[in-house]
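Below: the structure, in structure tokens.
All of the numbers you see were taken from the coordinates with simple rules; none came from a lab. For clarity, every value in this text was computed on a predicted model and none was experimentally measured. Methodologically, a virtual Cβ is constructed for each residue, glycine included, from the backbone with ideal geometry; neighbour enumeration extends over all protein chains shown.
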């Protein structure tokens, strides 16, 4: 095993420890089994970290298996996207990628075995009749009139299903369990249905496809999975999982364990509702940085380490709860505070003219990339007579709490000189357009000779050599912590979840920025170059997260 000191503890790991100690298992084999019918979200990231993390810590193996039993909703592009997500999070799957469709021949054989044992039958009830016969939570179901068909006749009918002799919806193969069971999943569930659909792996070989509850447990058994970990909504279905395993000749007997799914404030985890956001163009696709998908977090500048740390902090329990968004944001802030290089960007620029700086002079100032990490090195920042500063960093008059540039007062320009404001120009609406100042040429890297120390530091960029950039200020997608509880979640979309700034000015070093690698824009927050830029050479930066939690006051 790997070092146990930093290993998280939870009830699943306790079970694994007991299984290994008792000799029930000599190794650990887990799996991550997504359906290739959409993008993975942060709830899936928790499952990825759990399954692959357990395999890593116990020196076991974790399979990546695509549950591809519903070809009408699946797409090979989702397969590729999911592979990318798992790899990006820092995990490697065991051997080749697995597909449930790899086992279609074996699954068909297991279905035949159930029929031969009198434990499955072909049922011709239509959908409405099936629902009626199934009963309710308070009323037991009743047997299908086709339930007692002989095994031989069922074998013939199932063969006709396989050969495409029945139209979709005419019949289905059902397990024969107990129509009076208090567990709905045991009331003769459908295990095969007819679908004339092209499959992305098997082509047109099959026109019958197994259901998830039949496929999943048998795939686990075929792969030798020791601990099949899933979320709590599958807890009742464990009885069907066990029934199938007990009634066919499988090479292994896996066991299912359930944990609580991730619920995160200010977002949605329902694939159906997320699809509504995309289909109605309320967001810009599945990788819109406001979405909770892994692809969206990657585009926004979240790091794999921050999502792994988040999964570690929230833990694994059987208790349903909702995690505060601030927990996730704290993980990325801590990561980027330590690791993100610094840069200067002015989002709402006004001109700063240094009147006593020579017009024909320019300098190249050396600035540290990180204030407390010398290993990140330095960069060159151009400096000349005309600069850009933030409009909010200047006031003609202000109280003592204002630590920026005020007429007659001095501040330090980050990494450069101390300047004192002397005057300003305004437009016809009274907005300041240009600030005039003087500088002390003896204050590069040190305080004025008279011993005074400027009370504030502001960022800036050189006007002549700055680069134009678009900056997207992303925020929480919804205005309420639990949008799923609203009668219409679309009514509580945050109108300020995306603010686009088209006239930002950034330092020239950012021309070398790479997508998904975040910078701390001094005094602004953490930003990364967008990974979906349509225009060659354009600088488009997405805000990953602010420097501090501005929602804490709102929700307090």
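Sort 158, 297 so that the residue with the fewest other Cβ atoms within 10 Å of its own Cβ comes first and the one with the most comes last.
By the 10 Å Cβ count, ascending, the order reads 158, 297.
Work out how much length residue 503 to residue 326 would gain on full extension: take 0.36 nm times their residue separation and subtract the Cα-Cα distance, in nm to one decimal.
So the extension gain works out to 60.7 nm.
Relative to the first principal axis of the alpha-carbon coordinates of the chain, what is the inclination of helix 325-339, with its axis defined by its Cα atoms, in degrees from 0 to 90 and to the nearest 10?
Once rounded, the angle reads 60 degrees.
Can you tell me the FRET efficiency between residue 150 and residue 496 if r is taken as the Cβ-Cβ distance and R0 is 41 Å, rounded to the nearest 0.05?
The pair residue 150/residue 496 has a calculated efficiency of 0.05.
For residue 511 and residue 434, what is the calculated FRET efficiency with R₀ set at 30 Å and r taken between the beta-carbons, to the nearest 0.05?
The computed FRET efficiency comes out at 0.70.
For region 11-259, what is the percent of antiparallel DSSP beta bridges, rounded to the nearest 5?
Of the beta bridges lying entirely in region 11-259, close to 50 percent run antiparallel.
In nm, to one decimal, how far is the residue 17 label point from the residue 339 one, both placed 7 Å along Cα→Cβ?
Reported label-point gap for residue 17 and residue 339 is 2.9 nm.
Normalising by the residue count of region 345-459, find the relative contact order in percent from Cα pairs under 8 Å and 6+ residues apart.
Result for region 345-459 is 28 percent.
If each Cα of region 411-467 is one equal point scatterer, what is log10 of I(q)/I(0) from the Debye formula at q = 0.17, 0.21, 0.23, 0.27 Å⁻¹?
-0.65, -0.89, -0.99, -1.14
For the residue pair residue 535 and residue 318, what label-to-label distance in nm results when each label sits 7 Å from Cα along the Cα-to-beta-carbon direction?
Output for this residue pair reads 5.7 nm.
What is the order of 394, 183, fewest Cβ neighbours within 10 Å to most?
So the ranking, lowest neighbour count to highest, is 183, 394.
When only alpha-carbon atoms count, how far does region 1-112 stretch along each of its three principal axes, as whole angstroms with the largest first?
That gives 46, 37, 23 Å along the principal axes, largest extent first.
So the label point goes 7 Å from the Cα of residue 246 along Cα→C-beta, right? Which residues of region 155-188 then have their backbone N under 13 Å from it?
177-178, 186
How large is the convex hull of the C-alpha atoms of the chain per residue, in Å³?
Output value, Cα hull per residue: 194 Å³.
Hey, rough spin-label estimate for residue 273 and residue 253, points 7 angstrom out along Cα→Cβ, what's it come to in nanometres?
Distance between label points: 4.1 nm.
Bin width 10 Å, alpha-carbon pairs only: give the P(r) of region 11-259 as whole percents, running from 0 to the bin holding the largest distance.
Binned Cα distances yield the sequence 7, 29, 34, 22, 8, 0.
Using 0.36 nm per residue of separation minus the Cα-Cα distance, give me the extension gain between residue 366 and residue 488 in nm, one decimal.
Value of the extension gain: 38.6 nm.
Round to the nearest 0.05 the FRET efficiency obtained for residue 397 and residue 73 when R0 = 56 Å and r is the Cβ-Cβ distance.
0.35
Based only on other Cβ atoms within 10 Å, what is the fewest-to-most ordering of 243, 460?
243, 460
What's log10 of I(q)/I(0) for region 345-459 at q = 0.14 Å⁻¹, Debye sum over Cα points only, no solvent?
Summing over Cα pairs of region 345-459 leads to -0.60.
How far is helix 42-57 tilted off the main Cα axis of the chain, in degrees rounded to 10, range 0 to 90?
For 42-57 against the chain, the angle is about 80 degrees.
Tell me the angle of helix 151-162 to the major Cα principal axis of the chain, expressed in degrees between 0 and 90 and rounded to the nearest ten.
The angle comes out near 40 degrees.
Expressed in nm to one decimal, what extension gain is obtained for the pair residue 27 and residue 239 from 0.36 nm per residue of sequence separation less their Cα-Cα distance?
Contour length minus Cα-Cα distance gives 73.8 nm.
Working from the pairwise distances between different alpha carbons, so that the mean of 1/r is found and then inverted, what is region 400-556's Kirkwood radius in Å?
Roughly 18.8 Å, rounded to one decimal.
Ranked highest first by average number of other Cβ atoms within 10 Å, how do 465-476, 55-66 line up?
Those peptides, ordered most packed to least, come out 55-66, 465-476.
Hey, what did the chain get for relative contact order, percent, Cα under 8 Å, at least 6 apart?
Normalised by residue count, the contact order of the chain is 12 percent.
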